[in-house]
Amino acid sequence: MFVVRRLPIVGRVFRQHQNENIDSEANNVESAVDYVALPCSSTASNDTGKEKEPSSSSNDAITTEKEKEHEVMSTAPSGGSETGGTTFLLPVDGENKAAIFRPYSFRGIHMAAFHASWLSFFASFLSTFAPAALLPLIREDLDLDDKDIGNAGVASVCGAIFARILMGSVCDMFGPRFGHAALMMLTAPAVLGMALISGPIGFIVTRFLVGFSLATFVACQFWSSVMFNVRIVGAANAAGAGFGSSGGGITLLVMPLLNSLMEKFFLPFTAWRMTLLVPGLLHIIIGTLILSGTQDLPDGNYSELKKKGHIPTQGRMSFFVALKNYRTWLLAAVYGFSFGCELTMNNVLTSYYFDNFGVPLKQAGMLAFLYGFMNCFARPVAGVASDSLAKYYGIRGRLWILWSLHTFGAMMCILIGFLHKSLVATIVTVVLMAISVEASEAAAFAVVPFVSKRALGVVAGIVGAGGNTGATIIQAVFFNGSIPIPTALTYTGVSVFFVTLFIPFLYFPMWGGMCQAPREGATEEEYYLAEFTHEEIGRGMARLSMKFAVESRSQRGTKRVRTARRSVKDSQRSGLGSPLLGV
């Protein structure tokens with residue numbers, strides 16, 4: 001007996017499919033429906049006066065959706081699944097990815113990986129921005145000037161550019177578990193070393209080295225993408241990134257409070273050094289937990305699966321596949337000026353409130369905390385919204401919500417620069433900007449898993465590196481000490497808005513774009529097979545990509561299929577046949 005109540009969405013769709021008595025002719029309509037009606041949509045041109053045979057791949061799509069619901073339902077007795085001798089606590093799909101997402105649960109392979117990934121990312125934010133939270137004290141102790149502070153801010157985010165690109169390849173070759181643990185352990189000495197610095201050079205160098213840990217974001221997104229089904233991957237990616245990124249805000253709140261506690265036992269200029277030891281110890285603890293209590297994939301760890309031949313070795317080609325895909329670079333630019341903007345705000349907000357409005361350090365940290373803490377709310381909600389829109393409108397729904405959030409965030413950033421005389425208005429606008437900018441980051445990474453299956457890690461790495469590159473550009477150009485902070489914020493907003501114009505150029509031939517219809521006859525199998533040579537396909541290297549292609553058919557959206565079926569049924573009732581099929 002199958003427990004439908006555990007899968008409410010799947011259950012509704014499953015029952016709806018059972019109740020629908022649609023003629024077999026309706027299964028052929030998908031190839032005749034070009035796009036979902038959204039703003040700027042235009043129907044793909046068709047040759048008139050010619051009859052077209054229905055695409056076999058399109059015929060299978062609707063049937064596959066039904067079969068997929070049966071599969072998910074049949075693999076979830078009593079709320080769990082058993083596949084190939086492995087028992088999962090969550091229902092799984094054909095790739096053993098979790099079919100539902102339970103962020104409140106810590107049990108099972110899928111959720112253990114989820115929580116380990118965001119905790120690692122959280123720790124990296126804590127260690128990277130702890131010096132920014134204590135900057136007024138460190139500035140006085142180390143005799144830092146504005147140029148030193150600006151250089152240190154740039155160093156803290158540019159260090160992760162190369163690390164994030166490399167992390168993508170590490171995830172593809174060795175698995176996300178190794179990537180997380182290695183970064184936690186390797187950067188721990190640099191974090192602990194911040195307590196020993198004695199001058200500006202040491203401050204800049206340690207912030208540069210600690211910034212490498214921000215590459216855990218790539219492993220976080222990769223891990224969620226290989227653990228959760230494509231229908232919920234937006235929510236899973238967004239929740240992991242949101243919980244982890246909230247470390248930026250929590251750091252600005254907690255570190256001043258922790259420093260106040262340390263001052264009861266140590267002198268002021270010793271207290272901040274002791275405070276910075278805490279993030280370093282956290283790195284070691286989390287790295288150890290990841291190695292001992294998690295695994296790379298639902299089926300096991302990369303090393304074991306490669307020995308058994310279950311994971312094909314992709315080699316260097318996966319890196320070039322990511323480089324040649326223009327969608328990788330467009331998303332890197334878009335993410336660069338959203339996450340880059342967030343990193344910049346984490347670096348400057350505490351000092352901005354302290355210097356511009358005269359807010360005491362503790363209160364300034366609490367106000368700056370609001371910006372980063374919005375990640376807990378904004379990213380998960382955006383991920384769920386992206387998944388929900390994709391259910392009806394396909395990938396085009398994901399692109400439209402990305403564009404809307406990115407544009408609104410740019411407008412709020414521009415506005416903050418004009419509100420520098422009002423603390424209340426600045427706080428309100430900063431919160432609105434935080435929600436929209438951080439939500440747009442989640443919306444961007446809800447698209448990333450569909451750019452490439454073969455080179456998912458490299459794509460995630462390049463896009464993630466775009467965030468640090470954007471932060472480096474923004475801080476080097478606008479926050480170098482030569483421009484007043486309010487003016488720099490306005491210029492930042494203008495640059496974010498300019499990058500928003502790239503989003504309409506994101507196009508998937510089988511699904512379309514914001515303002516473009518899908519290419520007629522394009523299929524998911526064709527798109528993902530194009531990443532392999534004939535020899536590689538013959539060796540079975542495309543097997544996992546083909547499984548993913550079947551799952552990703554959900555990104556076509558259901559609205560156009562339902563519209564087509566309704567048209568067929570109306571035509572049948574009127575006795576006119578199917579105008580869409582030329583019957």
Which ones in the range 203-223 are within 16 Å of ALA132 (Cβ to Cβ) and of a type in the set (Gly, Ala, Ser)?
GLY211, SER213
Among the residues of the range 111-123, which ones are surrounded by 24 or more Cβ atoms within 10 Å (Cβ to Cβ) and more than 17 Å from the chain's Cα centre (by Cα)?
ALA123
(1) in contact with a Lys or Arg (Cβ under 8 Å, 6 or more places away or on another chain); (2) outside any helix (DSSP H, G or I): which one isn't true of LYS264, the others all being true?
(1)
Quick one: in the range 232-255, of everything that is over 13 Å from the mean Cα position of the chain (by Cα) and crowded, with 24+ Cβ neighbours inside 10 Å, which residue is nearest to LEU370 (Cα to Cα)?
GLY249
Of residues in the range 472-517 being touching a residue at least 40 places away in the same chain (Cβ under 8 Å), assigned to a loop (DSSP other than H, G, I, E, B) and in contact with a Pro (Cβ under 9 Å, 6 or more places away or on another chain), the one surrounded by the fewest Cβ atoms within 10 Å (Cβ to Cβ):
CYS515
Looking at (1) in contact with a Phe, Trp or Tyr (Cβ under 9 Å, 6 or more places away or on another chain); (2) buried (at least 16 other Cβ atoms within 10 Å of the Cβ); (3) within 30 Å of ARG543 (Cα to Cα), which is the one condition that is false for ALA333?
(3)
Exception for THR500 within (1) modelled with pLDDT of 90 or more; (2) out of contact with any His (no Cβ under 7 Å at 6 or more places or on another chain) falls at (2)
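Within the range 355-386, track down each residue that is basic (Lys, Arg) and in contact with an Asp or Glu (Cβ under 9 Å, 6 or more places away or on another chain).
ARG379
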Which of the residues that make up the range 418-453 are more than 17 Å from TRP403 (Cβ to Cβ), open to solvent by less than 10 Å² (accessible area, probe 1.4 Å) and of a type in the set (Gly, Ala, Ser)?
ALA434, SER452
Any residue in the range 313-322 that is surrounded by fewer than 21 Cβ atoms within 10 Å (Cβ to Cβ), farther than 25 Å from GLU535 by Cβ, modelled with pLDDT under 90 and touching a helix residue (DSSP H, G or I) at 6+ places or on another chain (Cβ under 8 Å)?
no
Being at pLDDT 85 or above and either over 23 Å from PRO509 (Cβ atoms) or part of a helix (DSSP H, G or I) (or both), is that true of even one residue in the range 554-562?
yes
Do any helices (runs of 4 or more DSSP H) lying entirely in the range 132-204 carry at least 1 residues that are modelled with pLDDT of 85 or more and closer than 30 Å to VAL321 by Cβ, and which ones are they?
146-174, 176-193
Any residue at all in the range 296-309 that's among the hydrophobic types (A, V, I, L, M, F, W, C) and free of Cβ contacts under 8 Å to residues at least 24 places away in the same chain?
yes
Unmet criterion (only one of (1) open to solvent by 60 Å² or more (accessible area, probe 1.4 Å); (2) in a helix (DSSP H, G or I); (3) under 18 Å from VAL226 (Cβ atoms)) for LEU305:
(1)
Go through ALA446, ALA465 for me and flag whichever is in contact (Cβ under 8 Å) with a residue 24 or more places away in the chain and closer than 17 Å to ALA235 by Cβ.
ALA446
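Any residue in the range 390-411 that is among the charged types (D, E, K, R) and open to solvent by less than 10 Å² (accessible area, probe 1.4 Å)?
Within the range 390-411, one or more residues are among the charged types (D, E, K, R) and open to solvent by less than 10 Å² (accessible area, probe 1.4 Å).
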Just the residues that are out of contact with any Gly (no Cβ under 6 Å at 6 or more places or on another chain), surrounded by 20 or more Cβ atoms within 10 Å (Cβ to Cβ) and at negative phi, please, taken from the range 174-203.
PRO176, ARG177, GLY179, HIS180, LEU183, THR187, ALA190, MET194, ILE197, PHE203
Within the group ALA488, ALA542, ALA530, ALA522, which residue is of a type in the set (Gly, Ala, Ser), on the phi < 0 side of the Ramachandran plot and modelled with pLDDT under 90?
ALA542
The lone exception for PHE269 - which of (1) modelled with pLDDT of 90 or more; (2) open to solvent by 50 Å² or more (accessible area, probe 1.4 Å) it fails
(1)
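The values are calculated or read from the model by the stated rules, or taken from the named source; none is laboratory data. For clarity, every value in this text was computed on a predicted model and none was experimentally measured. Neighbour counts are summed over all protein chains in view; Cβ atoms, including those assigned to glycine, are modelled from backbone coordinates with ideal geometry. We work out accessible area using only protein heavy atoms, side chains counted, and drop any ligands, DNA or RNA first. Shrake-Rupley method; radii C 1.70, N 1.55, O 1.52, S 1.80 Å.
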